[in-house]
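Chemist: The structure's right below; bear with me while I get my questions together.
The values are calculated or read from the model by the stated rules, or taken from the named source; none is laboratory data. Just so you know, these numbers come straight off a predicted model, no measurement behind them. No Cβ is skipped: glycine too gets one built from the backbone with ideal geometry, and neighbour counts run over all protein chains shown.
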Amino acid sequence: MQMFIPVLGIMLTWLVGLAGIDDVSTLANNPIFVPLPYFFGMDYKALANVIGKPLKVDNCDKWFYVDFGNDTTDEAKEYFGKNTGDPWVTNENTYGMINGKKNMISSPCSDINRLVPYFKDWHEENENEYGGKYPTIDHFLYETIDNLQETKMEYTERNFDANPDVMKLPDAVYTVYEANSKVLKFDARVNDAHYW
């Protein structure tokens, strides 16, 4: 009996290993359908309200630039959609995959009177705010981050929420190449260069 239990344990471990390998291979070999991609991060302001002092978040504004590839079709742009963060009740100009009325997990941000996260079209913003100054989003990001590196900071005051360059930087940039009911092809540039 003393010999039977260790042998049984080894056999059971071997069987569980086989089952695990089989399960992993079925997941790896089949496409997984996620009806609502949530790749836009989480709202840290709400989390900071619950946790308290260790996590300090002064600003709940969270927004992203959307850029489209040169070959992105109008149908793909429409499918990806638009979401300006305006309240659901009054926002008639939200549609597509990022529709603020049904597809986005949004939360109100009283600092800016919008629902976050919201999206800005890079090409519209470049024309309207910067007069078409930047040939690509990368030129804009490089210049803005380069300006931030010259910002002087004190050890006791490291909050740069009011800094104009910080306010210009999105939390991420999504470049969408293809979007439809079967495929979402995009690149993401996440703002992880925090100086504040």
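Chemist: Hey, could you check segment 78-106 for residues that are among the polar types (S, T, N, Q), closer than 25 Å to A179 by Cα and at pLDDT below 80 and say which is nearest to the chain's Cα centre (by Cα)?
Modeler: For segment 78-106, the residue satisfying everything is S106.
Chemist: Looking only at residues in segment 149-183 that are hydrophobic (A, V, I, L, M, F, W, C) and at pLDDT below 80, which one is nearest to G96 (Cα to Cα)?
Modeler: A162
Chemist: To continue, here is another question. Just give me the residues in segment 102-141 being assigned to a helix (DSSP H, G or I) and in contact (Cβ under 8 Å) with a residue 40 or more places away in the chain, in sequence order.
Modeler: W122, H123, E125, I137, L141
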